[in-house]
Amino acid sequence: MAGSIDRMTKAAAEAGLDIEIRRMGASTRTAEEAAAQCGCTVAQIVKSLVFQGQASGKLFLFLVSGSNQLDLAKAAALTGEPLERADPRQIRDE
């Protein structure tokens, strides 16, 4: 996990963002769990959803409010190709 945190911290700094990384004591796999851990509403949580282009294999990151769902048809129109859920191993390896 430390490698992921280091990569995120570095990427944020390179983008000029001053961020605070917090480690949570319990699961935050869902927006509901994350909101409970942070003491906020689900709408205040941002979900990171990673999809893969079916033709190109390219990974696409979508940031969505915790209370909303990604419109896959609109996302595919934006990327120019049909999308599918990305393989977690590929996401980690990229």
Quiz item: In terms of modelled amide H atoms, which long-range or inter-chain residues lie less than 5 Å from the amide H of LYS58?
Solution: GLY53
Self-check item: Cross-link reach list, aspartates and glutamates versus LYS47, counting only Cα pairs under 14 Å and skipping chain neighbours closer than eight places
Solution: GLU32, GLU33, ASP71
Practice problem: Evaluate the distance, in nm, between pseudo-label points positioned 7 Å from the Cα of ALA73 and of THR41 along their respective Cα→Cβ axes. | Solution: 2.8 nm
Quiz item: Here are some values of log10 I(q)/I(0) by the Debye sum over Cα atoms at q = 0.12, 0.20, 0.24 Å⁻¹: (i) -0.55, -0.92, -1.11; (ii) -0.48, -1.20, -1.30; (iii) -0.32, -0.92, -1.30. Which one was computed from this structure?
Solution: (ii)
Quiz item: When the Karplus curve 6.51 cos²θ - 1.76 cosθ + 1.60 is applied with θ = phi - 60°, which whole-Hz ³J(HN,Hα) does each residue of the stretch 55-68 get, with x for Gly and Pro?
Solution: 8, 8, x, 5, 8, 10, 9, 10, 9, 10, 3, x, 8, 10
Quiz item: Expressed in nm to one decimal, what extension gain is obtained for the pair SER27 and ILE91 from 0.36 nm per residue of sequence separation less their Cα-Cα distance?
Solution: 21.1 nm
Quiz item: Dipole magnitude of the stretch 2-93 about its Cα centre, charges +1 at Lys/Arg Cβ and -1 at Asp/Glu Cβ only, in debye to the nearest 20?
Solution: 140 debye
Quiz item: Which is the longest part of the chain that has none of the trypsin sites (Lys or Arg not before Pro) sitting in a DSSP loop with at most 10 other Cβ atoms within 10 Å?
Solution: 30-94
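All of the numbers you see were taken from the coordinates with simple rules; none came from a lab. All values reported here derive from a predicted model rather than from experimental measurement. Positions of Cβ are generated from backbone atoms using ideal geometry, with glycine treated the same way; all protein chains shown enter the neighbour counts.
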